[in-house]
Amino acid sequence: MKRKISEVQLMTGVSYMIPIIVIGGVLIVLSIALSGVKAGTGANVTNPILIKMMNIGAKAFGLMVPVLAGYIAFGIADRPGLAPGLVGGALASEIGAGFLGGIVAGFIAGYTAKWIKSWKVPAQIRAIMPIFVIPLLSALAVGIVMYIVGAPTSNLMKALKIT
């Protein structure tokens, strides 16, 4: 069965995000396990080294949405889409739009970068397009869109949480 293009790009983002999840999870679990905390008593880690280990794991978890968005955009537009996707994912995290916001940011960044890549430009600026112009304009576009759709997406994510 042939996969849809959007599915392939989404899976690109997910596949690059998995090592981030593994790193974060393993470091957090190890810091708790090595602290000697008894099961069912909470994760009150007091050892300074293990606290640092837990913080590193938490930082890794904080990269999940930006990496997801960045590599979705990368899957669409190649390298010029990566930085705008990371920016969009960071914005999605900041405004509380979660994974859904990251997915939206990745697709917006990727397709914006892909569209800008198709522009016919003078030879004098062609060399700076993939490293400057495309990422800059794409990041600006995804940033504007995320600030517009971010709040509703954040509200949707909050409504979907099971309490």
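The values are calculated or read from the model by the stated rules, or taken from the named source; none is laboratory data. Just so you know, these numbers come straight off a predicted model, no measurement behind them. We place every Cβ from the backbone using ideal geometry, glycine too, and count neighbours over all the protein chains shown.
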| request: Please specify each residue of the range 45-65 satisfying the condition of being under 20 Å from Gly98 (Cα atoms) and among the charged types (D, E, K, R). | output: Lys59
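Filter the range 107-125 for residues that are part of a helix (DSSP H, G or I) and surrounded by fewer than 22 Cβ atoms within 10 Å (Cβ to Cβ); which is nearest to the chain's Cα centre (by Cα)?
Selected residue: Tyr111.
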| query | Only one of (1) in a helix (DSSP H, G or I); (2) modelled with pLDDT under 90; (3) surrounded by fewer than 14 Cβ atoms within 10 Å (Cβ to Cβ) fails for Thr41. Which number is that? | reply | (1)
| remark: Of the residues in the range 126-163, those that are surrounded by 12 or more Cβ atoms within 10 Å (Cβ to Cβ) and outside any helix (DSSP H, G or I) number 1
| Selected residue [over 24 Å from Pro135 (Cβ atoms) and surrounded by 14 or more Cβ atoms within 10 Å (Cβ to Cβ)] from Ile49, Ile32 | Ile32
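Quick grid of which residues meet (1) more than 30 Å from Met157 (Cβ to Cβ); (2) in the same structural domain as Gly70 (by TED's automatic domain parsing); (3) of a type outside the set (Phe, Trp, Tyr):
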{"position": "Leu100", "(1), (2), (3)": "no, yes, yes"}
{"position": "Val104", "(1), (2), (3)": "no, yes, yes"}
{"position": "Tyr111", "(1), (2), (3)": "no, yes, no"}
{"position": "Trp115", "(1), (2), (3)": "no, yes, no"}
{"position": "Pro122", "(1), (2), (3)": "yes, yes, yes"}
{"position": "Ile125", "(1), (2), (3)": "yes, yes, yes"}
{"position": "Pro135", "(1), (2), (3)": "no, yes, yes"}
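Can you tell me which residue among Ala60, Ala97, Ala69 is modelled with pLDDT under 95 and among the hydrophobic types (A, V, I, L, M, F, W, C)? Step through it out loud before you land on a result.
Working: Ala60 fails: modelled with pLDDT under 95; Ala69 fails: modelled with pLDDT under 95.
None of the others qualify; the one that does is Ala97.
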| field | Condition check for Val26: in a helix (DSSP H, G or I) and β-branched (Val, Ile, Thr) | value | yes
| Of (1) crowded, with 19+ Cβ neighbours inside 10 Å; (2) over 25 Å from Ser154 (Cβ atoms), Val26 satisfies all except one. Which? | (1)
